[in-house]
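Here the structure is laid out as structure tokens; the discussion comes afterwards.
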Amino acid sequence: MKTVLLTGFEPFGGDDSNPSGEIARLLDGTVIANHRITGLELACEFGKSLRQLRAHITRTEPSLVICLGLASGRPAITPERVAINIDDARIPDNAGRQPVDKPVVRNGPAAYWSTLPIKAIVAALSEQGIAAQVSQTAGTFVCNHVFYGLMHELADTSIRGGFIHVPAPWNSSFTLDQLVAAIRIAIETAIRIKCDKRETGGATH
Ligand code: PCA
């Protein structure tokens with residue numbers, strides 16, 4: 001059976017919990033569309049998070065990698081379109097590091113596109129009445145760092161991957177269970193659809 005690697009993050013920025021890490025933990029070991037999900041939590045630290053991710057990819061040999069992170073100001077599930085080669089932290093990471101205008105990968109390309117079917121994921125979620133929108137920026141903190149590092153790692157392989165931000169249950173209409181159900185749909189869609197839909201992603205900015 002093929003493996004999907006699903007990651008989330010530990011809490012950061014003074015929060016007690018991080019739904020992204022909880023979703024990864026809750027889906028660990030489940031089977032979706034004939035694929036085994038390996039769900040793991042990454043440190044919310046520049047550098048260490050990427051070393052952990054690379055080790056997990058080597059160990060689990062996934063056919064698909066989906067990284068999750070919390071975007072607590074957003075009301076919807078947001079598959080990210082693009083990872084950019086910059087670390088520019090507004091707050092310190094969990095190791096106290098706060099890089100400013102540093103590349104994720106020295107001499108790496110400016111950006112990588114997600115290779116997830118982001119439009120199809122938004123469409124599948126919307127069909128179920130779940131708030132979802134394509135996002136045009138994953139920010140410049142640890143989530144974008146991991147997203148860029150992931151796509152750099154996968155660039156010369158046939159492994160597909162990308163990043164999805166989830167809202168905070170304490171700051172949106174989503175419960176944790178609803179987020180888990182939404183991410184199941186996103187994973188199932190990403191497994192099924194290898195070539196994305198061409199339709200508007202519903203993004204307004
Ligand atoms: N969200 C942060 C980092 C970890 C997380 O869950 C971000 O959006 O960069």
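Counting only residues 5 or more places away or on other chains, whose amide H sits under 5 Å from the amide H of G161 once H atoms are built in the peptide plane?
V65, T115, L116
Measure off 7 Å from each Cα along the Cα-to-Cβ vector at N171 and K197, then give the distance between these two points in nanometres to one decimal.
About 2.9 nm, to one decimal.
Mind checking the per residue accessible area of the chain for me, 1.4 Å probe, whole number of Å²?
Using a 1.4 Å probe on heavy atoms only, each residue of the chain averages 46 Å².
For A155 and T3, compute 0.36 nm times the residue count separating them, minus their Cα-Cα distance, and round to one decimal in nm.
Details: separation 152, 0.36 × 152 = 54.72 nm, distance 1.86 nm.
Result: 52.9 nm gained on full extension.
By the scheme Lys and Arg +1, Asp and Glu -1, what is the net charge of all other residues having a beta-carbon under 14 Å from that of F174?
Here the charged neighbours net out to 0.
What does a probe at D16 reach in region 64-86, counting residues whose amide N is under 18 Å from the point 7 Å along Cα→Cβ?
72
When a/c is below 1.5 the answer is rounded, else prolate if a/b is larger than b/c, else oblate, so apply that to the chain with a ≥ b ≥ c taken from the square roots of the Cα gyration tensor eigenvalues.
Verdict is rounded for the chain.
Given a 1.4 Å probe and every protein chain left where it sits, what share in percent of the accessible area of the chain is carbon and sulfur? Don't jump to the answer; show the numbers that get you there.
Details: 4650 of 9500 Å².
For the chain, the apolar C and S fraction of the accessible surface comes to 49 percent.
Near P117, within a Cβ-to-Cβ distance under 10 Å, what is the net charge of the other residues, with Lys and Arg +1 and Asp and Glu -1?
Values: positive: K119, R160, R192, K194, K197; negative: D196.
With Lys, Arg at +1 and Asp, Glu at -1, the net is +4.
List the aspartates and glutamates whose Cα lies under 20 Å from the Cα of K197, skipping any in the same chain that are fewer than 8 positions away.
Leaving aside aspartates and glutamates fewer than 8 places away in the same chain, those within reach of K197 are E80, E127, E188.
Just round it to a whole percent: the fraction of Cα-Cα distances in region 108-205 exceeding 21 Å.
Within region 108-205, distances greater than 21 Å cover 36 percent of Cα pairs.
Using the Cα gyration tensor of region 77-141, with a ≥ b ≥ c the square roots of its eigenvalues, what is the shape: rounded (a/c below 1.5), prolate (a/b larger than b/c) or oblate (neither)?
Oblate shape, in that a/c is at least 1.5 and b/c is the bigger or equal ratio.
Among residues other than S63 whose Cβ falls under 12 Å from its Cβ, what is the net charge (Lys/Arg +1, Asp/Glu -1)? Don't jump to the answer; show the numbers that get you there.
Numbers: positive: K2, R36, R160, K194; negative: E61.
In short, +3.
What is the chain's relative contact order, in percent, from Cα pairs under 8 angstrom and six or more apart in sequence?
Once normalised by length, the contact order is 27 percent.
The values are calculated or read from the model by the stated rules, or taken from the named source; none is laboratory data. Since the model is a prediction, treat every value here as computed from it, not as a measurement. Cβ sites come from the backbone with ideal geometry, for glycine too, and all protein chains shown count toward neighbours. What goes into the accessible areas is simple: the full protein's heavy atoms, side chains included, and nothing from ligands, DNA or RNA. Shrake-Rupley method; radii C 1.70, N 1.55, O 1.52, S 1.80 Å.
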